[in-house]
Amino acid sequence: MAKYEAVIGLEAHVHLETKTKAFCGCSTEFGQLPNSQVCPVCLGFPGSLPVLNELAFKYAIKVGLALNCTVQGSTKFDRKHYYYPDLPKNYQISQYDRPISKDGFLDIYLGQEPKRIRIKRVHLEEDAGKLIHQDDRSLIDFNRAGIPLLEIVTEPDISSPEEAYEYLADLKNIIEYLDVSDCDMEKGSLRCDANISIRLEGNKELGVKTELKNMNSFKGVKDALAYEIERQIGLVESGDKIVQQTRLWDVKELKTISMRTKEEAKDYRYFPEPDLPLFMIEQEEIAKIKKEIAELPKEKSRRFMKEYGLSEYDARILVANKSNADYAEKCFKAWPGGDKKPVANWLIGPVTSTANAAKVEISQVNIPPAHLSELIVLVEREQVISHLTGKAVLEEMAATGASASFIIRKKNLAQISDEAALEKEIEAVIRENTKSVEDFQAGKGNSLMFLIGQVMKKTKGKANPKKVQEILKRRLR
Amino acid sequence: MDLNTLTGLNLIEKLNKKEISARDILESLEKSIQSKDSKIKAYVRSQALHLPEQLADYSKTTLKGIPIAIKDNICTEGFNTECCSKILVGFRPPYDATVIRKLKDAGAFIFPYKTNMDEFAFGSSTENSCFGPTHNPRNPEYVPGGSSGGSAAAVSSDQAIWALGSDTGGSIRQPAAFCGVVGLKPTYGLVSRYGLIAFASSLDQIGPITKDVSDCALLLSIIAGRDNLDSTSVNPEGCDYSTSLEKNIEGMRIGIPKEYFIEGIDLKVKKAVLEAIEVLKKLGAKCREVSLPHTEYAVPVYYIIATAEASSNLARFDGVQYGLREKARDIIAMYKKTRDLGFGQEAKRRILLGTFALSHGYYDAYYLKATRVRNLIYQDFVNVFKDCDCIVTPTSPTAAFKIGEKIEDPLKMYLSDIFTISANLAGIPAISIPCGCTAQGLPIGLQILSKHFAEGDLLRLAYAYEQNTSWHKVRPKLEPS
């Protein structure tokens, strides 16, 4: 690879989360009975006409703005023709030479320095239906046909599979923040194609590119690109030519396979969609939508650092998902103190572990911010329970929805910090472990830990370890 | 007097006076169809004619249950809508076109038989129908014009009180002229296209075909107006075209474009139109020669834009969801076989022309250039309408031609639309009204064009002419078969 560099451009398709389809009033709800969400318009019945979903249009502008694009003063739709049974009209209403917005960028961070990925265009189009192959026949579900899709195309500014992954993760993050799509690749609400070529490092000229399709996960994109880079290098090294073609990622075989070559490339015969007018976008409208854009991840992480004193690392982790960031912010606010570090530690540590175990996001763990805050107070400040017990209580809280104090009381988990009570137990341990006591007094620090452990054992873990240490040290001095 | 020979407004009057019932009209039409249509073939008979035993109560409606004939490319829920194409045989739309809904709301009875047409409205003679040609009621050896030939012939032969047609390049006006009836193509966007099976989306308009101008104004008032289902429809100010008909035309400024009186125009047609202009002058209109310099490009521009859009609009007829499906070994073979058997000669010709015009490498030279010239044609009209209220021309260079005369020569056929196409390209309204007869007794049409949404002016002028002439009262004398 050293000699070569990859030149990658990505084309992401994002399902916009509107209640109704792009050009008709049918519901977009996922997972309904096949062909239960259709009408003459999305079925492309003769005589039917499209009417643009204003919300989808607004979402498209929003995404364009969030990606630093210029929103066009006027935009139009075009028909893209190809024959496929899941495409009811045998053309797709898309946008060709006047996309809603263009010329933006997204900065990604792999190292310390940001890398700018230029966004070529963002346009709105309709999705196709879905073919279901059964034995010797094929069935079509048109529920998906007409769902608004946003196509986001980058310039070929991406140089590695890792950058591609990072770009997609950031893009998903931003779109989630805008609340216009759930970007779930498994559900198909985010799909991605890639254009890739290689060239000798330092070379200005672009190599012959291939187009990669059928990558159904972020990892798929990364793996397919890595495979394709190796394949192309292999071809060049062995003196073969790279053929311009479309290749499919085979997720089972972990390789790309040829689908069609340039000679077989389709002529989409684009022309302006005569059933829809030219759409003018007023500057005031753009300004209004701009105002509606909520804080994006980068701004949020900067603010978290400033307002809550978080480290850059902690802030980045917490803003990586919008609902998590919102949850974290509520927890910070519930915490009675200026230094929010303990809360961040708990969120990134124990709360994340609990969430991971349940395979959910931290915002979905069933713990109200006030409950979490109380738990952290009980552990970190008042030391009513130990850290270890605290984690167990957290799990119990997530499972039952009960508050920390309730669980501690019910299960009698409160630490014994009362010196008189502890003295009694410590007395017994000193008596029973004369050897360790002697070792400690001879200067073996480890023995102290052993003695503390013995006290903890006797109190079934409820002794306040700090207090035990204090008393032991005092007694054995 | 047979009820089927009356106009819609005459019938409304009789119905209001309770002299007759809607049922009487229906029966009179049924009788007329039984006696005449085997010869004229204005209607498509791909389904049985089931007239209801009991009609709804129409007493509180505008149209009182008067039947209306509908062209086979306008969707009618539950009735076959086949565009006279094999590829759509048996297609029953699950919905009504907006115009049908509006007509129903106004109390029209939608006649179950649809009217014949050129397949997908591709033609000027109604010979390109998979159900066979319609005959001109004035002389069955002649074509009724097209593509709305069935609607025009049905009205002309009193087999319909009135009808709807569609006009992409003259498909309402030219058959209206050939059959001696009134036909109006509204301003693009005045009437919803929702439910009109598209030929060329940027040119198509639905419009009325009637026995006189008053009926035309009434039907237009009912079907006009913004429809939320059609993004290209607009709401003009005031859609009542009936009330202003009687206003005089004194001082109305009329342009006579010199490009429309060129060589090749039938002398009898020219004479009839010039005579009509004299009538208008006598009524106080100010007529003068004007120029629409880009007229000669209208036909080539039209055949690029219209076929390009048609090739796209017809892509959906693939055998997958509805209509004809031929069995084949795989999906591509099924597409090919279905479309090969389903489309007629002219449809294939236009799909190929349009596909070519949109193809990679040809788009700029053909489609894009055509849209630019289209704009020049539009500008011609804008310029003329600075000093004119209406433009008057012949509807067609000739009267009806014989069945079979032009069918083998598409170019000759295309040129019969030479005077009607410009209105579609410019999006302006145009009407054809009867203004004379040839020696063979074939009707001649007068075309009046006006500014966007100035249907009021156009109808007023047409009405004034009609009130002072009697060409619209000439009816074919058909021997019962």
Restricted to the range B:92-104 and to residues being surrounded by fewer than 21 Cβ atoms within 10 Å (Cβ to Cβ) and over 21 Å from B:LYS60 (Cα atoms), the residue farthest from the other protein chains (Cβ to nearest Cβ) is B:ARG92
Within the range B:158-172, is there a residue that is within 14 Å of chain A (Cβ to nearest Cβ), assigned to a strand (DSSP E or B) and in contact (Cβ under 8 Å) with a residue 24 or more places away in the chain?
-> yes
Lone unmet requirement of (1) of a type in the set (S, T, N, Q); (2) crowded, with 24+ Cβ neighbours inside 10 Å; (3) within 14 Å of another protein chain (Cβ to nearest Cβ) for B:ASN228 = (2)
Taking the range B:66-90 and the residues there that are part of a loop (DSSP other than H, G, I, E, B), surrounded by 21 or more Cβ atoms within 10 Å (Cβ to Cβ) and of a type outside the set (Asp, Glu), the one that is nearest to the other protein chains (Cβ to nearest Cβ) would be B:CYS75
What are the residues in the range B:334-352 that are more than 13 Å from every other protein chain (Cβ to nearest Cβ) and either farther than 26 Å from B:LEU88 by Cβ or not small (Gly, Ala, Ser) (or both), if any?
-> B:LYS337, B:ASP340, B:LEU341, B:PHE343, B:GLN345, B:GLU346, B:LYS348, B:ARG349, B:ARG350
Considering only the range B:10-29, how many residues are within 15 Å of B:ALA160 (Cβ to Cβ), crowded, with 16+ Cβ neighbours inside 10 Å and not small (Gly, Ala, Ser)?
-> 5
Could you tell me whether A:ILE430 is of a type outside the set (D, E, K, R), modelled with pLDDT of 85 or more and within 23 Å of A:ILE385 (Cα to Cα)?
-> no
Would a scan of the range A:178-186 turn up a residue that is among the small types (Gly, Ala, Ser), modelled with pLDDT under 90 and not in a helix (DSSP H, G or I)?
-> no
Return a yes/no flag: does the range A:457-474 have any residue that is surrounded by 12 or more Cβ atoms within 10 Å (Cβ to Cβ), in contact with a Phe, Trp or Tyr (Cβ under 9 Å, 6 or more places away or on another chain) and hydroxyl-bearing (Ser, Thr, Tyr).
-> no
Taking B:LEU49, is it in a loop (DSSP other than H, G, I, E, B) and either in contact (Cβ under 8 Å) with a residue 60 or more places away in the chain or crowded, with 24+ Cβ neighbours inside 10 Å (or both)?
-> yes
Taking the range B:410-429 as the search range and keeping residues that are in a loop (DSSP other than H, G, I, E, B) and of a type in the set (Ser, Thr, Tyr), which one is surrounded by the most Cβ atoms within 10 Å (Cβ to Cβ)?
-> B:THR420
Write out, first by first residue and then by second, each pair whose Cβ atoms fall under 8 Å of each other, whose residues are 6+ apart or on separate chains, and whose first residue, in the range A:207-233, is closer than 11 Å to A:ILE196 by Cα while the second is assigned to a loop (DSSP other than H, G, I, E, B) and of a type in the set (D, E, K, R).
-> A:VAL208/A:LYS241
So A:LEU278 clears everything in (1) under 30 Å from B:ARG193 (Cβ atoms); (2) surrounded by 13 or more Cβ atoms within 10 Å (Cβ to Cβ); (3) in contact with a strand residue (DSSP E or B) (Cβ under 6 Å, 6 or more places away or on another chain) except one condition, right? Which one?
-> (2)
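Tell me which residues, restricted to the range B:319-333, are in contact with a Lys or Arg (Cβ under 7 Å, 6 or more places away or on another chain) and at the interface with chain A (Cβ under 10 Å from one of its Cβ atoms).
Of all residues in the range B:319-333, those in contact with a Lys or Arg (Cβ under 7 Å, 6 or more places away or on another chain) come to B:319, B:324, B:326, B:328.
Of everything in the range B:319-333, just one residue is in contact with a Lys or Arg (Cβ under 7 Å, 6 or more places away or on another chain) and at the interface with chain A (Cβ under 10 Å from one of its Cβ atoms), namely B:GLY319.
Residue by residue, here is whether (1) on the phi > 0 side of the Ramachandran plot; (2) within 14 Å of chain A (Cβ to nearest Cβ); (3) modelled with pLDDT of 95 or more holds:
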residue	(1), (2), (3)
B:PRO236	no, no, no
B:ASN248	no, no, no
B:GLU275	no, no, yes
B:GLU278	no, no, yes
B:THR307	no, yes, yes
B:ASN313	no, yes, yes
Which of (1) more than 29 Å from B:ARG475 (Cα to Cα); (2) in contact with a helix residue (DSSP H, G or I) (Cβ under 8 Å, 6 or more places away or on another chain) is the odd one out, the single condition B:ILE222 does not satisfy?
-> (1)
Can we say B:VAL290 is in contact with a strand residue (DSSP E or B) (Cβ under 6 Å, 6 or more places away or on another chain) and either polar (S, T, N, Q) or within 30 Å of B:THR438 (Cβ to Cβ) (or both)?
-> yes
Residue in the range A:56-91 that is surrounded by the most Cβ atoms within 10 Å (Cβ to Cβ), counting only those that are more than 20 Å from A:TYR270 (Cα to Cα) and among the aliphatic types (A, V, I, L, M) | A:ALA60
Would you mind finding the one in B:TYR188, B:TYR241, B:TYR194 that is away from chain A (no Cβ under 14 Å) and aromatic (Phe, Trp, Tyr)?
-> B:TYR241
Name every residue in the range A:150-173 that is crowded, with 21+ Cβ neighbours inside 10 Å and not basic (Lys, Arg), in order of residue number.
-> A:LEU150, A:ILE152, A:THR154, A:ILE158, A:PRO161, A:ALA164, A:TYR167, A:LEU168, A:LEU171
Considering only the range A:31-126, give the strands (runs of 3 or more DSSP E) lying wholly within it that have at least 1 residues that are of a type in the set (Gly, Ala, Ser) and away from chain B (no Cβ under 14 Å).
-> A:101-109
Yes or no: B:GLY207 of a type outside the set (Val, Ile, Thr) and away from chain A (no Cβ under 14 Å)?
-> yes
Among the helices (runs of 4 or more DSSP H) confined wholly to the range A:380-440, which include 1 or more residues that are more than 49 Å from the chain's Cα centre (by Cα), of a type in the set (A, V, I, L, M, F, W, C) and buried (at least 17 other Cβ atoms within 10 Å of the Cβ)?
-> A:419-432
Of all residues in the range A:129-143 being surrounded by 12 or more Cβ atoms within 10 Å (Cβ to Cβ) and outside any strand (DSSP E or B), which is nearest to the other protein chains (Cβ to nearest Cβ)?
-> A:PHE142
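The values are calculated or read from the model by the stated rules, or taken from the named source; none is laboratory data. Computed from a predicted model, the values in this text were never measured in an experiment. FYI the Cβ positions are ideal-geometry reconstructions off the backbone, even for glycines, and counts take in every protein chain you see.
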